[in-house]
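Following this message is one structure expressed as structure tokens.
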Amino acid sequence: MKIIKIIGLVIFIFALGVFTFSMFSSEHQLTSELIKSHVTYSPEAQAAVMEAANSTGVMGKSYGTNFSFINGLHEVFNTANNTLGEKAIPSWQVEKYLIPLTKYSTAGPFGGKPNMAFWLSIMLGALAGLIYILPDMSQLAGIKNDGIYQNASTKGITLNVRLAFLGLAMLYALWKSIFQFPLVIFFVLVVGLILYWVWKSEKSYNGARARSASVSTSGWLGIAFGIYLISFYVFLYFFPHYVTNWTLMLDPVAAAIKGDGGTASHWFLYGFLYCIVMVVMGVRMMVKYRHNKYQLVRTASVLFFQLGFAFLIPEILVRLNQPYMDLKNAWPLDYDFYTKDAIGGLAGQGSEIAFLGGTSVGTVMLCWGIALTFIVVPVFTYVFGKRWYCSWVCGCGGLAETLGDPYRQLSDKSMRAWKIERYVIHGVLAFAVLMTVGVLVNRFTGIDNFGLFSAGQLKSWYGFMIGAMFSGVVGTGFYPLMGNRVWCRFGCPLAGLLGLVQKFKSRFRITTNGGQCISCGNCSTYCEMGIDVRAYAQRGQNIVRSSCVGCGVCSAVCPRGVLKLENGSSDIGERTTELKTIHISESDLKILS
Amino acid sequence: MHVVIIGNGISGVTAARFVRKLSDHKITIISSETKYFFSRTALMYIYMGHMRAEDTMPYEPWFWEKNRIDLVEAHVDKIDFKGKSLALNNNTSLKYDKLVLALGSASNKFGWPGQDLDAVGGLYHMQDLENMEKYSEGLERAVIVGGGLIGIEMAEMFHSRHIPVTMLVREKSYWDNVLPEEESAMINRHIKESHIDLRLQTELKEIIDDGSGKAKGVVTSKEDVIDCGYVGLTAGVHPNVRWLKETELNVERGIVVNNHLETNMQDVYAVGDCVQLEEPRPGRRSIEAVWYTGRMMGETAAYNICGKPVAYDPGIWFNSAKFIHIEYQVYGDVLAKPPENHESFYWEHPDGRKAVRIVFDNKTDVILGFNLMGIRFRHEVCEKWLKDKVHVDEVMANLKLANFDPEFYSSYEADIIRAFNNKYKRSVKLTSKGLLDQVYSFLKS
Ligand SMILES: Cc1cc2nc3c(=O)[nH]c(=O)nc-3n(C[C@H](O)[C@H](O)[C@H](O)COP(=O)(O)OP(=O)(O)OC[C@H]3O[C@@H](n4cnc5c(N)ncnc54)[C@H](O)[C@@H]3O)c2cc1C
Ligand code: SF4
Ligand code: SF4
């Protein structure tokens, strides 16, 4: 068995190498046809670019990697813009042109073999993952956390290294945005002050530090993996023209799904990889928890919603000439549902449905989207708790529960982290509401300037700071650094909203089995949301926390069977009274036994 | 008033927490093992890499400061009961007004030759873990002596690091002085299917010295020689009171206390593993070295210290453990060698890893106890049935109320009832009651 696992691992490393290498191992050549068909800003601009391409010598030259080619393209556009002066092509437009120019100036990675690269990287990697995972079926079923804290990939990093990574991410965000949005400084300052205050208040107990997630030696493999993931996200979000080889590899898949002529954008690439990774790691999750039906059903559910609702159905809708929509993605997680397409892009779009009196598919979608946020989400959360969304349906949650499972123990359980969490997540929620209201007011009244900022600015700040940096780069890239639910715990505005419902009006709670808790700490350690479950369980208290996503892992890892996720209409107050381990009631000193 | 507590295990810490809840007294906890309270029951998970040492600490470091509980890391060498002062090994002394002894246990050693060699150790203190760790690198086999709860945990620990393990068990079957025959047999099977070399009815005769003062193997009572690089001694524990035996304190096997957990010395209380009850409840032992009783004693002692006298009442017996992958729970009286009046109904799942045993009085049909393997039951429901002395038929009919397995798990109540009706020629009908609301209304009824 062990040998099979090693073979799987070796093949996986090979496939990962091919994947990484295929990103930049392509030969490029700029042709006048390419410029003609893609640079369409204005006839003068096209002519200027054509001329610049010739004068700089980029035209027709053969480049060995996409990096050098893109450098060449930058030179061309700079030269062209110099001659265009007033009529220069704006930089966001230039960035858009870089994508097709790069993608179609090559026959693909490895000397023009995108298909081979596709099979040898993504598909072989998936297969290798399964080869690595499936032999575990031969072990007895049961909790398998052996060696997690002795493994350089999953043991986590010290608080200081974590802070360094977070600091770098913040600096990067600042650097990317400082000139465009001076308000960001204000924003960062406010957040910084809050963090500082929380930090200080925690330390004031005579300098005793809160319990950190640090370990004595470094989890260097985790750091390496984190850096890889972070780089992937930075390229995907901010430099998509560097990943065109990967999209080229996926064009046949895109054509198969979208119909003839369909091509893969970098978002398609992301969606596809997301699904593949979730399937392979979902299998891992199912193998690991095959003795626990709750985990099996739940994992099957997130896979279903990711493959169906997030990936296939929207593409099929488009193929049928209907508007694109991820039917399960609720505002405010889908932060530009109202601000981008919903009102203009959905209402009245798509074909008309006869039995609904000719209402268009788009209008139905718009109504569904609104109902999802304001009716379905609160009602379901009342009945089942936040878990129905966060760990049964949501794509972000789905990735966290599959790819992120090996890292769930790295969430910080200290009181300090909990305090930060409450400020940050509710701050993001407020930001999302503000941004949406601002854009809607702007749309319906035409007012654009709200004193310090405009609706458009608000939206682009949100999209950059929260939509890209927080949910992508930090949210997923930080799995091996800060645990698998960084985004869900600290950032997701929908989770913030659901949490409020769960805390104050829901039938969900985790019940504690009388006095059976032995305070061992497995539940807290493996709670991905950083909830100190033990603190409640050891007092015989039920657990009602707004952040609990109901993953059920605390209940699975508890060696004494103390925890059970349950729904009941009984008094909400009863969910949290402590009475069970306490054998003496404090009020009357009666012996309860 | 200054309350000093020796020992920062569950019993001492619970006492401190409740003294703080009830009063403003100055509180000091002394321990020579670790500065911060950790969960002894979680020791195995540190070695196995499931948790780090700090993850086993139920309270963050600031907790103590915030609750004004002083922590002193030192060993108490002597107690002057008359002068109400303690002599510590750092050459200081400490005065107390009230003293709580929460000294815990120590591993049993039965005078085996070689028991004090290197690479030999029990599993009780944090230091024992360090010892295991020290010899684990390159270890080719470990031998574990004693088949109790700690022995099987130690076996699982080595096993998790792929170190072959041999377990020497004196009894005919694993832990058969506590577990009834079928459950014990189930665990024997499970130990073997986990590839642990279980040797029943085998005792340790001698530990072999490799010439440098380190163990290199053992000789068993069957004269087998087993080469090994580590010998784990897990043949039970005893109250950690040897150093108090020559003092005025009344010590027998443990520190003798009355119903209010007071010792024979003025203002001195004892709680937890180190206690021997003067008058244990009928059917209960005078020394019960488990987590739960330690916690209840700690709480009770706090009330007594704070001038609110209450008697120690451990309630209905319950305990739990995990044998590698099989969880175990017990409520009430389920005995390995039951008295005449105990009728025992046993149901085992065909997979051989789940079982339910229900014990009742064969004359009155009153429920007496539950033993669960691989199935979780609800503590409060079982406790209420036992306390209310209900008829076994009522228990069987409402079995769903007790089910505590996670959602979507298969439930076996129907099978269990069928087997019960067959065996006793009854016709108990299962009610569908099992939802949380129904559980609450049952508990309140
Ligand atoms: C591996 C293992 C697994 C267990 N699993 C379970 C389980 O699953 N369920 C269960 O119910 N029970 C279990 N137990 C038993 C349970 O842990 C004990 O009953 C409980 O910890 C006893 O708590 P205590 O507070 O009485 O003593 P302890 O936790 O032993 O605390 C006593 C402390 O006092 C210190 N001390 C003693 N003398 C002095 C002195 N003179 N000066 C300074 N300090 C001193 C000791 O070093 C120790 O730190 C387990 C025990 C072990 C070892
Ligand atoms: S408390 Fe339990 S169910 Fe909730 S998020 Fe944490 S581990 Fe998951
Ligand atoms: S609830 Fe379970 S896992 Fe959590 S501390 Fe208690 S016994 Fe350990």
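The values are calculated or read from the model by the stated rules, or taken from the named source; none is laboratory data. For clarity, every value in this text was computed on a predicted model and none was experimentally measured. Glycine also receives a Cβ, built like all others from the backbone with ideal geometry; neighbour counts cover every protein chain displayed. Side chains are part of the model used for accessible areas, which takes the heavy atoms of the whole protein and leaves out ligands, DNA and RNA. Shrake-Rupley method; radii C 1.70, N 1.55, O 1.52, S 1.80 Å.
For residue A:155, which aspartates and glutamates qualify as cross-link partners when the Cα separation must be under 15 Å and same-chain residues fewer than eight apart are set aside?
Within reach: A:146, A:405, A:412, A:528, B:54, B:55.
Enter the per residue convex hull volume of chain B, computed from alpha-carbon coordinates, in Å³ rounded to the nearest integer. Write out the running numbers ahead of the final one.
Numbers: hull volume 75.7 nm³, N = 445.
Per-residue hull volume (Cα only) is 170 Å³.
Which of the peptides A:410-419, B:1-10 is most tightly packed, and how do the rest follow, judged by the mean count of other Cβ atoms within 10 Å per residue? Provide the component values of the computation, followed by the final result.
Working: A:410-419: 22.2, B:1-10: 24.9.
Per-residue Cβ counts within 10 Å, averaged per peptide and sorted highest first, yield B:1-10, A:410-419.
Moving to a separate point now. Got the relative contact order for segment B:318-444 handy, in percent, Cα pairs under 8 Å and 6 or more residues apart? Present the calculation step by step, with values, prior to reporting the outcome.
Numbers: 204 pairs, mean separation 25.3, N = 127.
Relative contact order, segment B:318-444: 20 percent.
Report the accessible surface area buried between chains B and A, summing both sides, using a 1.4 Å probe on protein heavy atoms only, in Å² rounded to the nearest 100.
On the way: alone 21080 and 27160 Å², together 42010 Å².
The B and A chains share an interface burying roughly 6200 Å².
Filter the cross-link list A:5/B:214; A:103/A:258; B:205/B:337 down to pairs whose alpha-carbon distance in this structure exceeds 25 Å. Before the final figure, lay out the partial values.
Working: A:5/B:214 36 Å; A:103/A:258 19 Å; B:205/B:337 28 Å.
From the list (A:5/B:214; A:103/A:258; B:205/B:337), the Cα-Cα distance tops 25 Å for A:5/B:214; B:205/B:337.
Something else: If you average 1/r over all unlike Cα pairs in segment A:27-111 and invert the result, what Kirkwood radius do you get in angstrom? Intermediate values should be presented prior to the final figure.
Working: mean 1/r = 0.0794 Å⁻¹.
Roughly 12.6 Å, rounded to one decimal.
OK, next. How long are the three semi-axes of the equivalent ellipsoid for segment B:211-332, computed from the Cα gyration tensor as the root of 5 times each eigenvalue, in whole Å, largest first? If you can, show how the numbers build up before the last one.
Details: eigenvalues 256, 90, 28 Å².
Its equivalent ellipsoid spans semi-axes of 36, 21, 12 Å.
For segment A:27-111, with only Lys/Arg (+1) and Asp/Glu (-1) charged at the beta-carbon, what is the dipole magnitude about the Cα centre, in debye rounded to 20? Each step should come with its number before you reach the end.
Working: 5 positive and 7 negative charges, 29 e Å.
Using only the charged Cβ atoms, the result is roughly 140 debye.
Once segment B:318-444 is represented by equal point scatterers at the alpha-carbon sites, with solvent omitted, what log10 I(q)/I(0) does the Debye formula produce at q = 0.15 Å⁻¹?
For the requested q values the scattering log ratios are -0.67.
How long is segment B:120-235 along each principal axis, judged by its Cα atoms, biggest number first, in Å?
44, 30, 24
Just read off the accessible area of residue B:34 with the full protein assembly in place, 1.4 Å probe, to the nearest 10 Å².
Accessible surface of residue B:34 is approximately 20 Å².
To one decimal place, what Kirkwood hydrodynamic radius in Å is obtained for segment A:326-456 from all pairs of distinct Cα atoms?
Roughly 17.5 Å, rounded to one decimal.
Starting from segment B:121-220, pick out the trypsin sites (Lys or Arg not before Pro) whose DSSP state is loop and whose Cβ has at most 12 other Cβ atoms within 10 Å.
Sparse-neighbourhood loop trypsin sites (Lys or Arg not before Pro): B:172.
Keeping the other protein chains in place, figure out the carbon and sulfur percent of the accessible area of segment B:120-235, with a 1.4 Å probe. Write out the running numbers ahead of the final one.
Working: 2190 of 4850 Å².
In segment B:120-235, the share of accessible area belonging to carbon and sulfur is 45 percent.
Please compute the length gained on full extension between residue B:337 and residue B:108, using 0.36 nm multiplied by the number of residues separating them and subtracting their Cα-Cα distance.
80.0 nm
Place a +1 charge on the Cβ of each Lys and Arg in chain A and a -1 charge on the Cβ of each Asp and Glu, then give the dipole magnitude about the Cα centre in debye, rounded to the nearest 20.
Details: 48 positive and 31 negative charges, 436 e Å.
Charge dipole of chain A: 2100 debye, to the nearest 20.
Which value results for Rg/Rh of chain A when Rg is the Cα radius of gyration and Rh the Kirkwood radius based on the inverse mean 1/r?
Numbers: Rg = 26.1 Å, Rh = 26.3 Å.
Here the Rg-to-Rh quotient is 0.99.
State the answer as a single residue: which of A:549, A:476, A:538 lies farthest towards the positive end of the charge dipole of the protein assembly as shown, with beta carbon charges of +1 for Lys and Arg and -1 for Asp and Glu, about the Cα centre.
Going by the Cα projections, it comes out as A:549.
To continue, here is another question. What distance in nm separates the two pseudo spin-label positions at residue B:127 and residue B:225, each 7 Å out from Cα along the beta-carbon direction?
It works out to 3.3 nm between the two label points.
Probe radius 1.4 Å, ligands and nucleic acids ignored: give me the carbon and sulfur share of the accessible area of segment A:516-561 as a rounded percent. Don't skip to the end; give the middle numbers.
Details: 250 of 490 Å².
Carbon plus sulfur share of accessible area: 52 percent.
What percent does the relative contact order of segment B:306-386 come to when contacts are Cα pairs within less than 8 Å and at least six residues apart? Don't skip to the answer; put the middle values down first.
Numbers: 135 pairs, mean separation 23.3, N = 81.
Value for segment B:306-386: 29 percent.
Once you put a point 7 Å from the Cα of residue B:171 and another 7 Å from the Cα of residue B:264, both along the Cβ direction, what distance in nm separates them?
3.4 nm
Is there a simple number for the mean count of other chain Cβ atoms within 10 Å of the Cβ of residues in A:143-152, and what is it? If you can, show how the numbers build up before the last one.
Numbers: counts 3, 3, 6, 10, 6, 5, 9, 6, 1, 0.
Per residue, the average neighbour count from other chains is 5.
Say R0 is 45 Å: what FRET efficiency, to the nearest 0.05, do residue A:256 and residue A:55 get from their beta-carbon distance?
On the way: r = 42 Å, r/R0 = 0.94.
Efficiency computed from Cβ-Cβ geometry: 0.60.
Which lysines have a Cα lying under 24 Å from the Cα of residue A:503, excluding residues fewer than 8 positions away in the same chain?
Within the straight-line limit of under 24 Å, residue A:503 reaches these lysines: A:328, A:386, A:413, A:419, A:564, A:580.
Using a 10 Å cut-off on Cβ to Cβ distances, tally the other chain neighbours for every residue of B:311-324 and report the average as a whole number.
Per-residue shielding by partner chains comes out at 3.
Loop-only GluC sites (Glu not before Pro) in segment B:198-231, please: DSSP not H, G, I, E or B, and at most 15 other Cβ atoms within 10 Å. Intermediate results must be reported in sequence, preceding the final value.
Details: sites: B:203, B:206, B:223; in loops: B:203, B:223.
Answer by residue number: B:223.
Could you report chain A's accessible area per residue, 1.4 Å probe, as an integer in Å²? Mind showing how you got there, number by number?
Working: 24070 Å² over 593 residues.
With the other protein chains kept in place, chain A gives 41 Å² per residue.
OK, next. Take the residue pairs B:222/B:322; B:387/B:433; B:98/B:308 and return only those whose Cα atoms are more than 25 Å apart. It would help to have the intermediate numbers written out before the result.
Numbers: B:222/B:322 30 Å; B:387/B:433 20 Å; B:98/B:308 14 Å.
With Cα atoms farther than 25 Å apart: B:222/B:322.
With each pseudo-label sitting 7 Å past Cα toward Cβ, what's the residue B:245-residue A:300 distance in nm, one decimal?
The modelled label-to-label distance comes out at 6.2 nm.
Residue A:95 to residue A:445: extension gain in nm, 0.36 nm per residue of separation minus the Cα-Cα distance?
Numbers: separation 350, 0.36 × 350 = 126.00 nm, distance 3.24 nm.
The residue A:95-residue A:445 span can extend by a further 122.8 nm.
How high is the FRET efficiency between residue A:454 and residue B:74 when r is their beta carbon distance and R₀ equals 51 Å, given to the nearest 0.05? Show your work: numbers first, answer last.
Details: r = 66 Å, r/R0 = 1.29.
My answer for the efficiency is 0.20.
Now, a different point. So what's segment A:221-276 giving for Cα Rg divided by 2.2 N^0.38 Å, two decimals? Could you put the intermediate results ahead of the total?
Working: Rg = 12.7 Å, N = 56, 2.2 N^0.38 = 10.2 Å.
Compactness ratio reported: 1.25.
Same structure again: Relative to the compact globular guide of 2.2 N^0.38 Å, what is the alpha carbon radius of gyration of the protein assembly as shown, as a ratio? All intermediate terms of the calculation are to be shown ahead of the outcome.
Numbers: Rg = 32.9 Å, N = 1038, 2.2 N^0.38 = 30.8 Å.
Compactness ratio reported: 1.07.
What part of the accessible area of segment A:333-460, given as a whole %, is carbon or sulfur when the probe is 1.4 angstrom? Each step should come with its number before you reach the end.
Working: 3710 of 5280 Å².
Summing carbon and sulfur atoms, their accessible area is 70 percent of the total for segment A:333-460.
Can you tell me, using C-alpha contacts under 8 Å and at least 6 residues apart, the relative contact order of segment B:247-391 as a whole percent? Don't skip to the answer; put the middle values down first.
Working: 247 pairs, mean separation 22.2, N = 145.
It rounds to 15 percent for segment B:247-391.
Same structure, new question: Could the peptides B:424-431, A:4-11, A:324-331 be put in order, highest first, of the mean number of other beta-carbon atoms found within 10 Å of their residues?
Working: B:424-431: 12.6, A:4-11: 14.6, A:324-331: 19.8.
By packing density, highest mean first, the sequence is A:324-331, A:4-11, B:424-431.
If R₀ is 56 angstrom, what is the calculated FRET efficiency for the pair residue B:363 and residue B:308, using the beta carbon separation as r and rounding to 0.05?
It comes to 0.85.
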